[in-house]
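Report on the following structure.
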Amino acid sequence: MSLVVRNLQRAVPLRRARLREKVQAVRRALGVQRFDLGVVCVDNRKIQQINRIYRDKNTPTDVLSFPFHENLKAGEIPQPDFPDDYNLGDIFLGVEYIFQHCKENEDYYDILTMYQKEKQVLEELSRPQCWGRKKERKHQHENEEIGSDV
């Protein structure tokens, strides 16, 4: 199925083709290549805004995930009944935050292609998460908040 990689930030140079290749490799290794997945790269301001809306934390972060399927245990692969349900969800990468964190820790190994975040990112999707009212707000705000000022 499809993998959509969007780079909505300009703070850190990013090679989308390399990121796409690595995410595809991780999807194959985890056996979820049949599932749709969205990966969106954003700067500190945008990841902080999303973090504030959905997690009530007014700070930037490295990764936010929005799983399509609820109530899955960590590592559990969804078993969809319908073709439209072959979707893992969306992942937002705080590329600027990740870059700053790696720079502070003097960890420059392929920093711009996000090698070390890819597995963590896909594992985030299989973590059971309880969004409560925040999940309801996601649908209400996603078009206006995420796309309005990029």
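Since every read-out is calculated from the coordinates, none of them should be taken as a lab result. Everything quoted here is computed from the prediction, not taken from an experiment. Methodologically, a virtual Cβ is constructed for each residue, glycine included, from the backbone with ideal geometry; neighbour enumeration extends over all protein chains shown.
Please identify every one of the GluC sites (Glu not before Pro) in region 56-100 that sits in a loop by DSSP and has no more than 15 other beta carbons within 10 Å of its own beta carbon. Listed in order of number, the matching sites are E70, E76.
What's the FRET efficiency of F82 with R28 using the Cβ-Cβ distance as r and R₀ = 25 Å, to the nearest 0.05? After rounding, the FRET efficiency stands at 0.60. With neighbours defined as other Cβ atoms within 10 Å of a residue's Cβ, the residues D84, D62 order from fewest to most as D84, D62.
The string of couplings for region 6-18 from the Karplus curve (6.51, -1.76, 1.60, θ = phi - 60°) is 10, 10, 9, 10, 10, 5, 10, x, 9, 9, 4, 4, 5 Hz, one whole number per residue in order, with x for Gly and Pro.
On the basis of the beta-carbon distance and an R0 of 25 Å, E70 and R20 show a calculated FRET efficiency of 0.40.
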